[in-house]
Structure formats: structure tokens, C-alpha cells
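One structure is given here, and the rest of the page talks about it.
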Amino acid sequence: MQLDFSSAQKEILAEAAKDGSIPVILAGDNDFALPIAVTIRSVIDSANDKDSYLFLILSDRISETRQRILSALEQIRERIHILIFDMEEFFTPLQDRFPVRLYWKRATFFRLFLPEILPQFEKVFYLDGDLLVRADLAELFHENLSPDIWCTAVEDCLGRISRNQKRYMRRELHLPADHIYFNAGFLLLNLTALRNIHFSERALEIQDRLKPLYQDQDILNILCCGHVRLLPHFWNYMLIDIPPLSSDSVPTLSPAGKDENVRILHYSGDRKPWAFPEQLHAEEWWTTARRLSCPEELEKYSLKQRAEFYQNRTEMYQRSLSLKLGLALSWLPRKILSALTGKKF
């Protein structure tokens with residue numbers, strides 16, 4: 001599996017691998033392009049001046065306007081390269097094998113192909129577009145890791161995984177009881193090791209066979225099981241079910257310690273900071289976002305995302321209400337059919 005990079009892009013990739021640039025991969029569609037830009041900006045702002053960075057954005061139909069906003073991040077300082085690659089031609093033949101549901105989008109699956117499409121690199125970071133990076137990623141990247149470590153990540157949901165989810169992991173994914181399920185929003189991947197196990201090919205096989213509930217994250221946990229280095233929670237501090245910001249609101253602290261020591265904020269809840277500026281830690285996201293050269297675009301995007309959130313919630317509520325009403329009205333006929341046929345309706 002190879003991406004059809006242009007000759008100029010291939011040259012940049014080869015040079016980045018040769019000079020030891022830190023490769024950071026992100027993926028998203030047009031709706032997620034601006035958050036991706038904020039994530040990249042936060043990485044650059046937190047980085048030291050000595051390291052070079054290559055940001056590769058795997059695009060799912062990102063518009064030219066937003067591509068220009070992303071490309072402009074190269075101008076922040078020297079030793080920063082931004083590459084944007086349209087995944088349409090590569091992924092379209094595969095998309096029927098990866099059904100999109102709930103809040104997942106096509107781009108979430110792109111990370112499953114990194115070992116094959118980036119043969120130039122031994123290891124890469126993968127970042128979701130709803131992260132705000134507060135620390136220098138070079139601290140992790142330059143550490144020497146055992147070849148037995150294929151993935152560096154953080155436990156999912158700060159360890160607050162429900163009993164039903166744990167049952168699903170054991171019965172459906174066949175993960176051992178001692179496996180600590182990790183979140184795929186922040187990863188340091190050992191591409192060399194993953195290529196050796198034919199990771200992408202096996203990921204396709206698992207997807208076809210299991211159709212896993214948590215999609216690519218489940219697949220990563222299955223294939224990397226036993227070869228994961230777990231980081232403290234402050235490297236991927238997930239904001240889950242955090243209440244709106246108020247004078248008496250207190251954030252739930254992870255076992256890592258105080259909130260101010262968090263290295264990476266992960267806005268993993270459904271109320272994203274770009275749509276809900278009143279949420280906890282949203283102001284910090286906006287402080288970084290305002291460093292981009294597109295204030296009007298950001299304001300329009302924020303209003304649009306907030307409106308879409310409420311529209312989606314309304315539609316979900318209506319579907320749920322219709323389903324409940326339909327079940328209630330059909331209760332007696334279904335009972336009669338069950339009694340007559342011996343089948344459950």
C-alpha cells in the first residue's frame with residue numbers, strides 16, 4: 001500500500017527522515033481542519049527551536065481555503081514542514097469495509113495504514129485533531145525504546161471504563177484480562193515493528209471479521225496487545241463529561257496529579273471547545289486558535305458547529321422518541337405474534 005505522493009512531497013519526506021525530523025501525523029475532513037490547525041499550532045508553540053518537525057495531514061476532502069490555513073503554519077518558524085495529502089483515491093476502494101457510525105468519520109481509519117504508506121520512518125506520532133499540546137513532544141520522541149514496544153499510549157477514559165465495556169473487550173475482542181485498553185488519540189507508533197507484523201493487512205482482516213464497536217481503536221488494541229508502553233495520564237488527559245465552567249466547578253483530576261501538570265489536553269467529550277467556548281479549558285484552546293491567521297473563519301466555524309451540535313441532538317432525541325413510541329404501540333401485536341408463532345418479536 002503506497003500513497004501516490006508527488007515528487008516534491010517524496011523529496012520532503014525523504015529529507016525529513018534523513019535529518020531526523022519529528023514526524024507528526026493528523027487526519028481529518030473539512031469540518032476538522034481548523035481544530036487540526038490549532039493542534040499543530042500548539043505543538044509548534046511548545047517545541048524547542050532545535051528540532052525539525054514534519055506535519056503530514058491526511059486529508060478527507062479538506063477545502064483549498066482551509067488547506068491554505070494549514071500550510072501557513074510553516075511560516076511560524078524555521079524547520080517546520082506541512083504536507084497535506086488527499087486520501088480520496090487511496091481510501092475510496094476500501095471505504096465499504098469501514099462503516100462510519102456515531103461520531104466517527106472516515107479519516108479515523110487512515111492511521112491503520114501508516115506503517116505501509118510511510119516506509120521512510122521508523123516511528124511517528126499520531127495526534128487527533130481535538131488535542132492541545134502543552135509539552136515538547138521531543139521529550140518522548142528521542143527516548144530509546146525497546147523493539148518490543150510497538151505503541152506508546154495512555155489508558156483510555158482515565159481508567160474509568162464501564163463494566164459493560166470491559167465485558168465487550170474480553171468476549172468480543174478477546175483481549176486478555178490484564179490488558180489495559182488504551183486511547184488512540186495520542187500515539188507514538190513503532191512503524192518498523194508494525195511493518196514486521198504486516199499490521200495494515202491484519203487490521204483489514206480484523207475489521208472484516210469483527211466489525212469492532214470502537215473501530216480503529218479496538219484494532220490497535222488487539223494488534224499491539226502485549227507490546228504497549230503506557231504513559232501517565234497527563235500525556236493524554238481526556239476531558240470526559242466535564243461540567244460547564246462556573247465559579248464552583250472543579251475538574252476531575254486524573255491519577256497523574258494536578259491539572260496544571262497536564263502535558264496534553266484531549267477534548268474528547270462531545271461538547272468541543274470550538275463550539276462551546278464556556279466549557280472548561282475552552283479558553284486555552286481559543287487562546288491558541290486566535291494565533292491562527294483566520295479570525296473570521298474561526299468565528300463562523302464556531303457558530304456553525306454549535307448549531308449543528310443542537311440540530312444533531314434534536315434529531316437523535318426525535319429518533320429515540322419515535323422508536324420508544326413505536327415499541328410501546330406495537331407491544332400487544334408483538335406479544336400476540338410471539339404467542340402464535342413461538343418467535344420473539
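The values are calculated or read from the model by the stated rules, or taken from the named source; none is laboratory data. Not measured: the values here are computed from a predicted model. No Cβ is skipped: glycine too gets one built from the backbone with ideal geometry, and neighbour counts run over all protein chains shown. Only protein heavy atoms, including side chains, enter the accessible area calculation; ligands, DNA and RNA are left aside. Shrake-Rupley method; radii C 1.70, N 1.55, O 1.52, S 1.80 Å.
Please work out the FRET efficiency for the pair ASP49 and ALA339, using the Cβ-Cβ distance as r and a Förster radius of 51 Å; give the result to the nearest 0.05.
0.10
SER330 to GLN120: extension gain in nm, 0.36 nm per residue of separation minus the Cα-Cα distance?
My answer for the length gained is 69.6 nm.
Starting from the Cα of LYS18, draw a straight line to each of the aspartates and glutamates and keep only those under 16 Å, dropping any in the same chain fewer than 8 residues away.
Partners within reach: ASP51, GLU122.
Return the unpartnered cysteines for the chain, using a Cβ-Cβ cut-off of under 4.7 Å.
CYS157, CYS225, CYS294
Here are a few candidate values for Cα extents along the principal axes in Å: (1) 75, 49, 42; (2) 90, 51, 37; (3) 85, 57, 43. Which one was actually calculated from the structure I just gave you?
Comparing each candidate, only (1) matches the computed number.
What share of the DSSP beta bridges in the chain is antiparallel, in percent to the nearest 5?
35 percent
Tell me, what ³J(HN,Hα) does each residue in region 261-277 have, in order and in whole Hz, if you take phi through Karplus 6.51 cos²θ - 1.76 cosθ + 1.60 with θ = phi - 60° and put x for Gly and Pro?
Those phi angles translate into 8, 5, 8, 9, 8, 10, 7, 7, x, 7, 9, 6, x, 5, 9, 10, x Hz.
How much area per residue is accessible in the chain when the probe is 1.4 Å and only protein heavy atoms are counted (Å²)?
51 Å²
Could I get the Rg over Rh figure for region 64-208? Both from C-alpha atoms, Rh via Kirkwood, rounded to two places.
0.97
Restricting to DSSP H runs of at least four residues, report the calculated mean residue ellipticity at 222 nm for the chain, -39500 (n - 2.57) per run over all residues, nearest 500 deg cm²/dmol.
Helix contribution divided over all residues of the chain: -12000 deg cm²/dmol.
Over the Cα atoms of region 131-208, what radius of gyration and what Dmax do you get, in Å?
14.8, 39
Once amide H atoms are built 1.01 Å from N in the peptide plane, which residues 5 or more positions from VAL124, or in another chain, come under 5 Å H to H?
LEU189, LEU191
Between GLU143 and GLN311, take the C-beta separation as r, use R0 = 35 Å, and let me know the FRET efficiency to the nearest 0.05.
The formula returns an efficiency of 0.20 here.
Once you order the gyration tensor axes a ≥ b ≥ c over the Cα atoms, which shape class does region 5-66 get: rounded for a/c under 1.5, otherwise prolate or oblate by comparing a/b with b/c?
The shape class here is oblate.
With the crude spin-label approximation of a point 7 Å out along Cα→Cβ, what separation in nm comes out for GLU278 versus ARG79?
In this crude label model, GLU278 to ARG79 measures out at 4.4 nm.
As an exercise, use a Förster radius of 41 Å and the Cβ-Cβ distance of ARG291 and SER7 to find the FRET efficiency, rounded to the nearest 0.05.
Rounded to the nearest 0.05, the efficiency is 0.80.
In nm, give the distance between the simple-model label positions of SER63 and HIS227, each being 7 Å from the Cα along the Cα-to-Cβ direction.
Output for this residue pair reads 4.2 nm.
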